[in-house]
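Working notes, beginning with the structure itself.
The values are calculated or read from the model by the stated rules, or taken from the named source; none is laboratory data. Predicted model, so just to flag it, every value in this text is computed and none were measured. Reconstructed Cβ throughout: ideal geometry from the backbone, glycine too, with neighbour counts over all protein chains shown. For accessibility, only protein heavy atoms count, side chains too; no ligands or nucleic acids. Shrake-Rupley method; radii C 1.70, N 1.55, O 1.52, S 1.80 Å.
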Protein chains: 2
Amino acid sequence: MKGIRQLAEHLDISIGTVSRALNGKPDVNEETRKRVLAAAEQLGYVANQSGRSLRQGTTNVIGLMIQSSRETVENSDNFFLTVTGGLQSVLLRHKLDLIMLPCPHDEDPYEYLKRMVARRIVDALIISETHRVDKRFDLLAKAKIPFVALGRSLSGTQHPWADLDFDGVANSAVDRLVAHGHRRIAISAPSSDINLGFIFVEGYRRALERHGIAYDPALVLRAKSSEQGGYQVGDELLKLQDRPTAVILIYELMAIGLYRRLMEAGIVPGRNIAVVSFREAPRAKFLQPALTCFRTSVHDLGVELAEILLSSMPAYSQEYPRNTRQTIWPLELIPGESDSFQLMAAE
Amino acid sequence: MKGIRQLAEHLDISIGTVSRALNGKPDVNEETRKRVLAAAEQLGYVANQSGRSLRQGTTNVIGLMIQSSRETVENSDNFFLTVTGGLQSVLLRHKLDLIMLPCPHDEDPYEYLKRMVARRIVDALIISETHRVDKRFDLLAKAKIPFVALGRSLSGTQHPWADLDFDGVANSAVDRLVAHGHRRIAISAPSSDINLGFIFVEGYRRALERHGIAYDPALVLRAKSSEQGGYQVGDELLKLQDRPTAVILIYELMAIGLYRRLMEAGIVPGRNIAVVSFREAPRAKFLQPALTCFRTSVHDLGVELAEILLSSMPAYSQEYPRNTRQTIWPLELIPGESDSFQLMAAE
DNA sequence: ACCCGTCCCGTAAACGTTTACGATCCTAGG
DNA sequence: CCTAGGATCGTAAACGTTTACGGGACGGGT
């Protein structure tokens, strides 16, 4: 089966009518439509995407850009695949296909995105892993291509995004630890160039201030969000004089390495030190003592992202009305025993 | 910047010449070419992909199809992102972009692939997670679209693929364990509908036969390739009468759950039972005792896949000559202590 | 002076769709 | 019988690019 032309002459109908029949246009006899659909099915005809895109200037494809930076590769885990599931559950209802656009290691994400946008291969985009200064927002806004970011924008201008509530998590974690009597609390985070790293520490800092505890930069341990990173955090923790009695992790995978390093030094999480972590994943369940951490449904976050995106696409916006296109996604505390180690309560 | 037409009249050159200049065709003055390239760069012009594809019947995009089936989502880890890195390192040299096509949970992979093929959104495909009977091979062959599978084909006809050497791993694992005196060896594997599950157990069975050990189906423990699956394997192991003295895992993540379950029962891996696993990942390093497992460079496997694929694309085949398009990818044994538990040697 | 070849460029067709527009047929109302 | 209008369909233009083809300018060889 070559194209719509062959299908049309096989049916002895004009190609215009065939197109209208396939696309559900109103002015076509129901009986003809049935014949066309049957023939298309039988001959396995599917419209050529290039021709269609060229004509109507739309591809019906949404792109999810992911950076497989060294760091991401190590920790992204199944996060993106799970988000993808949530996205698709919404997008497919509108016959929008989702593709993933992996930015190569050695290419600048901005340049990569520019290429993809210019090629006009997708109608809209979801970008991820936003940075403190991220030129991609303005690029997309200027190109007038609808998008939503997984990760907030810190620039002044308002862009659509949804982001996990790092701020709130750091806050709650500090609150909880302080309530247990801790006052010297370390925190691990990736580079502050990455929004995640910045926001997380900001929330921590403000929470400390609220409790009247001085913010000590030495307690902010920058490390990779991997097991190795966790091990390294343990290392640095042990080297600190006046060792912290509690530590907040940004990523549960790190707990594996951290536990290991601490155990090697004879320090037992939950007994000699309190550990709280952001973002629980299934594997954290197998740590012992069980990790106290914050969790959410990543699938539902994908759904939220899709809805924000559709709401900013002219063709779908009336179906997804919103008053705000910026979502801070809440997380839920899953108590474990890793923070059972308590000091005297403050009062 | 709209299209090549605007660019052409801005330069006061015909659109044909502009196109030739941009595409590096020979019959264009070098000085004009420079002007064109400069103007394109300055105005940010990039050729519209739809127009180009429509004309030359090629998209310069390669698709990597992944199934985010429940099982895959849980264990795929960063396997696909790492493979993607290897693929891109080759494909980008030929200006071929890679996109990932995630098949939705609730859609049949075959139907999904059919849609993607018919839409003609990619020039060639990499498919993954091949099944015992996998109609996708014939679909792609019939559609004459170049492809390579990550995972072997078990049908009679010859298709291009590269696959990890499950067979060899099971073989070596059994050899090693038998040499240590074990004769009652359990194995974990996913469903035998999946090639991986089938081949792995086949290799195990043949190795046992070679050593004159009877194959006992009760020792084949089907489970998910996740921590939970590992825990479950431990459960079943404990329930077996005449408990095996050794167990072979298909996936290192499972070791986390298995260790946990065994420890709960007071059985220490490496002391009371021998554990060997397929496919090492970074996190396995943090298990204690260290897991004995087989490892390879997944990145390089991606490179191999890309080369097989290009060798079967007419436009590139002369650059990648091969006599065979089927690769069994070897793995390397990384000895740990999880299999230090030895029985009397046989002789 | 003539011809041929090379270099460069412009023209226009073609790729497969969608869709605005107009044509045809039929029915119903007068 | 005439006509308005709805239902259905055919025609052709348009989307943005690549590329086959042909033509003009120029230079060198005879």
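Things worth noting here:
- Residue that is least open to solvent (accessible area, probe 1.4 Å) [pool: residues in segment A:1-42 that are more than 8 Å from DNA strand D (Cβ to nearest atom) and among the β-branched types (Val, Ile, Thr)]: A:VAL36
- Positions within segment B:53-65 being facing another protein chain (nearest Cβ under 8 Å) and within 19 Å of B:ALA21 (Cα to Cα), in sequence order: B:SER53
- When segment B:20-49 is filtered for residues that are within 8 Å of DNA strand C (Cβ to nearest atom) and among the hydroxyl-bearing types (Ser, Thr, Tyr), only B:THR32 remains.
- For segment A:320-329, taking the residues that are in contact (Cβ under 8 Å) with a residue 24 or more places away in the chain and out of contact with any helix residue (DSSP H, G or I) (no Cβ under 7 Å at 6 or more places or on another chain), the one that is farthest from A:ARG183 (Cα to Cα) is identified as A:GLN326.
- Among (1) assigned to a helix (DSSP H, G or I); (2) near DNA strand D (Cβ under 8 Å from one of its atoms), the one test that B:TYR45 misses: (1)
- The lone exception for A:ALA218 - which of (1) within 13 Å of A:ALA246 (Cβ to Cβ); (2) surrounded by fewer than 18 Cβ atoms within 10 Å (Cβ to Cβ) it fails: (1)
- Of all residues in segment A:20-41, those satisfying the criterion of being away from chain B (no Cβ under 14 Å) and without any contact (Cβ under 8 Å) to a residue 12 or more places away in the chain are A:ARG20, A:ASN23, A:GLY24, A:LYS25, A:PRO26, A:ASP27, A:VAL28, A:ASN29, A:GLU30, A:GLU31, A:LYS34, A:ALA38.
- Hits in segment B:71-94 - residues which are modelled with pLDDT of 90 or more and either under 30 Å from B:ARG222 (Cα atoms) or open to solvent by 30 Å² or more (accessible area, probe 1.4 Å) (or both): B:VAL83, B:THR84, B:SER89, B:LEU92, B:ARG93, B:HIS94
- The numbered conditions (1) modelled with pLDDT of 95 or more; (2) hydrophobic (A, V, I, L, M, F, W, C); (3) crowded, with 19+ Cβ neighbours inside 10 Å are all true for B:LEU291 except (1).
- Yes/no for A:THR17 being touching a helix residue (DSSP H, G or I) at 6+ places or on another chain (Cβ under 6 Å) and either within 16 Å of DNA strand C (Cβ to nearest atom) or more than 26 Å from B:GLU111 (Cβ to Cβ) (or both): no
- Residues being of a type outside the set (A, V, I, L, M, F, W, C) and not in a loop (DSSP other than H, G, I, E, B) - total across segment B:237-281: 9
Listed here are the residues, each with its yes/no results for (1) without any contact (Cβ under 8 Å) to a residue 60 or more places away in the chain; (2) open to solvent by less than 10 Å² (accessible area, probe 1.4 Å).
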position	(1), (2)
A:ILE185	no, yes
A:ASN195	no, yes
A:PHE200	no, yes
A:GLU227	yes, yes
A:LEU237	yes, yes
A:PRO244	no, yes
A:LEU249	no, yes
A:GLU252	yes, yes
A:VAL268	yes, no
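- Residues that are in a helix (DSSP H, G or I) and modelled with pLDDT of 95 or more were ranked within segment A:114-139; the one that is nearest to the other protein chains (Cβ to nearest Cβ) is A:ARG136.
- Filtered by the rule that a residue be more than 11 Å from B:ILE250 (Cβ to Cβ) and outside any helix (DSSP H, G or I), segment B:187-219 gives B:SER191, B:SER192, B:ASP193, B:HIS211, B:GLY212, B:ILE213, B:ALA214, B:TYR215, B:ASP216.
- Filtered residue count, segment A:220-236, keeping only those that are of a type in the set (Gly, Ala, Ser) and assigned to a helix (DSSP H, G or I): 3
- Qualifying residues in segment A:215-252 (those that are within 14 Å of chain B (Cβ to nearest Cβ) and of a type in the set (S, T, N, Q)) - the one nearest to A:GLU264 (Cα to Cα): A:GLN232
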